[in-house]
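Below is one structure, written out as C-alpha cells; the observations come after it.
No value in this document is a laboratory result; all are computed from the given coordinates. Given the structure is predicted, the values throughout are model-derived calculations rather than measurements. Here the Cβ positions follow ideal geometry from the backbone for every residue, glycine too, while neighbour counts run over all protein chains shown.
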Amino acid sequence: MDAVNGERGQALVIAAVLVGIGALSIVGLRLVQERVLANALAQDTGEAAVEAAAAAVADAYARHLDSVRAHVFDVPRPTADVVALLTDPATREAARAAAAEAAARNGAAFDGAVEARCAGATIEIELHHAGRLHRAALQADACSPR
Amino acid sequence: MSGDRGQAIVEFALVLPTLLVVALAMVLVAELGVARLALQHATAEAARAGALTNDDAQIRGTLAATVAPLASERVTSAIAPPQDEPPRNGDPRGSMLTVSASYTLPVPLGFVGLPRFVVTASASRRIEWMP
C-alpha cells in the first residue's frame, strides 16, 4: 500500500519539472533574442553612421572639385588636393557630425572618430561602432596619383 | 488500491492546460523574436532605399520585399518626413529619413481573448538622393 501511495502525484511532479524546463527555455530564448537583436541594431546603426559620414565626405569632395573648377583659369592653376581635404578638420568634423546624427536617430550614441583616406581612385571612410569596423568607399578620381 | 486507479490520468489532465500554455508561450516568444529581427532588417533596408531614391513607393516596395518571412499585408509603415513636405519635396540631401513599421503577430487561440502582440521597428538614414 505504501508503494502504491508513493506513486501519487508522480504525474504532477513530472509536469512541474516540464513546466520549469519550459519556463527556463522561454527565459533563455528571450535572452538570446535580445542579444541577437542588439547585435543587429548595432550593425545597422554602424552602417547608417558610416554611410552618413561617407555622404558628408562626398559633399565636401564635390564642393572642393567645384571650387577648383571655378578657378581653372587662375595662374597658377589650382589642382585638387584630396589628401589635404580629407585631413582638413572641417571635413573630419562634418563626417563625424553626420555619423553621430545618424547613430542618434537610430537610438545609439557615436562619439568615435571617422577616418577618411585616399586608396587608389577611391576615398575610403571607416569608423568603429560597438566594437565593429564599418567601411564605405566612394569613387574619387582626384585621389589617384597622376 | 482501486482508489488509485487512473490517478495519473487525472493528474495529467489537470496539468495538461499548464503544459499547453507553456508550449504556446515558447512558440510565441520564438515568433516574436523572428518578427522583431525581420522587421528591423526590413526597416533598415527600406530606409536605405529611401536615402537613395527619396521615393515613398520604393521605400514601401523595399519594405514589403524584405520583410519575409512575415506576411507583408500585416505590416503597417510610416515614413517621416512625408514625401510631399519639406525637406523631401525640395533638395533633401543631407537630411534624415525615418522608416517605422509595425507588425501584428497572429496569435493562436486569439479568439479566446489572448492579447495581440504588436512588434515595432524603425530605422533612419541620411538622404543621399539629389533632385
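Here are the numbers for this structure:
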item	result
Residue list for the range B:50-91, filter: under 18 Å from A:A40 (Cβ atoms) and surrounded by 15 or more Cβ atoms within 10 Å (Cβ to Cβ)	B:T62, B:L63, B:T66, B:V67, B:L70, B:V75
Residue pairs meeting the criteria (Cβ under 6 Å; at least 6 apart or on separate chains; first in a loop (DSSP other than H, G, I, E, B), in the range B:83-94; second among the charged types (D, E, K, R))	B:Q83/B:D56
Some residue of the range B:78-97 being under 30 Å from B:A23 (Cα atoms) and β-branched (V, I, T)	no
Conditions (1) more than 7 Å from every other protein chain (Cβ to nearest Cβ); (2) touching a Gly at 6+ places or on another chain (Cβ under 9 Å): number failed by B:A57	(2)
Pairs where the first residue, in the range B:21-35, is more than 9 Å from every other protein chain (Cβ to nearest Cβ) and the second is part of a helix (DSSP H, G or I), C-beta under 6 Å, 6+ apart	none
